[in-house]
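Please read the structure below before turning to the comments.
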Amino acid sequence: MSLDAGEGRMTAQSILVFDMDGVLAEVGESYSAATVATVQHFTGEIVSRERIEEFKEAGGWNNDWALSHHLIQDIGSKDVAYKDVLAVFQSVFLGQNNDGLILREKWIPANGLLERLREKYELAIFTGRPRAEIEPTLARFAPAIPWAVIIADEEVARAKPAPDGLLAIANAYPKAKLTYIGDNVDDARSARTAAVRFIGVADLASARRARLLQAEGAVAVVADVNALEGVL
């Protein structure tokens with residue numbers, strides 16, 4: 001866990017906690033594309049983005065490595081070791097020196113959005129990404145943003161939909177009101193279990209996703225993070 005704020009900031013009144021994928025970073029051509037490439041490597045089949053989306057909507061598949069392994073087992077006729085799937089996925093996603101599909105990511109927040117939000121809130125991240133995959137993206141797109149807390153996948157005992165990351169932030173800032181901004185049902189379930197207010201993100205083409213997030217307890221659903229100021 002990265003607690004980057006100074007000691008005096010531990011009395012923050014309100015904290016916005018962001019998921020990364022689909023909220024801060026567009027990952028259709030990075031993580032999703034890496035899943036497609038990995039499955040094709042082992043099976044020769046091209047899995048559709050719609051099928052990937054179905055698993056994400058069902059919940060429990062926030063980890064793209066695990067989803068890739070599951071799809072390979074489902075499609076393929078032979079057992080493939082998880083470590084081998086992980087190696088291929090990472091070689092596609094990270095490349096040799098962070099020069100793989102990770103470079104296709106696009107930053108979603110418009111210029112000035114996070115700076116304006118930080119005038120009223122502390123900003124934090126709780127994501128299913130490993131820390132090694134958080135830092136290159138933040139360095140590219142938001143190097144000047146001082147995140148109060150960043151919690152990566154390997155820094156919690158249980159991954160989402162477990163609430164561990166949100167509870168860790170709540171424990172670090174016991175007087176603060178947290179709001180979690182995420183784009184899938186695992187994010188929503190994590191927030192609900194932690195008793196944290198949840199705002200969903202679902203683009204205009206994802207009416208079904210929006211309904212799912214509302215059913216999971218989202219107090220609002222926005223088309224993208226740039227509409228967040230209107231519902232806070």
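The values are calculated or read from the model by the stated rules, or taken from the named source; none is laboratory data. Please read these numbers as outputs of a predicted model, since none were measured by experiment. Heads up, the Cβs are rebuilt from the backbone with ideal geometry, glycines too, and the neighbour counts pull from every protein chain shown. Protein only, heavy atoms only, side chains kept; ligands, DNA and RNA dropped before computing areas. Shrake-Rupley method; radii C 1.70, N 1.55, O 1.52, S 1.80 Å.
Distance between the 7 Å Cα→Cβ label points at Ala195 and Trp107: 3.7 nm.
If you take the charge dipole of the range 17-80 about its Cα centre, with +1 on Lys and Arg Cβ and -1 on Asp and Glu Cβ, which of Trp65, Phe42, Val17 is farthest toward its positive end? Of the listed residues, the answer is Phe42.
The C-alpha atoms of the range 42-178 occupy a region whose extents along the principal axes are 54, 30, 25 Å, arranged from largest to smallest.
Once you reduce the range 149-213 and the range 64-141 to the center of their Cα atoms, the two points are 17 Å from each other.
Counted over the chain, the DSSP beta bridges are approximately 15% antiparallel. Averaged per residue, the chain has 46 square angstrom of accessible surface, using a 1.4 angstrom probe with ligands and nucleic acids left out.
In whole percent, and with a 1.4 Å probe on the protein chains, what portion of the accessible area of the range 54-133 is carbon and sulfur? Reported share for carbon and sulfur atoms: 49 percent.
Each peptide in 193-202, 165-174, 102-111, 138-147 was scored by the mean count of other Cβ atoms within 10 Å over its residues; highest first, the order is 193-202, 165-174, 102-111, 138-147. For the cross-link pairs Lys56/Lys78; Lys120/Lys175; Lys56/Lys106; Lys56/Lys83; Lys56/Lys175, the ones whose C-alpha atoms lie over 26 Å apart are Lys56/Lys175. Sequentially through the range 175-191, phi angles give Karplus couplings (6.51, -1.76, 1.60; θ = phi - 60°) of 9, 8, 8, 9, 10, 9, 10, x, 10, 9, 5, 5, 4, 5, 5, 4, 5 Hz, Gly and Pro residues having no value and appearing as x. Annotation: Cα Rg of the chain relative to the compact-globule expectation 2.2 N^0.38 Å equals 1.00. Taken over the Cα atoms of the range 154-232, the convex hull encloses 93 Å³ per residue.
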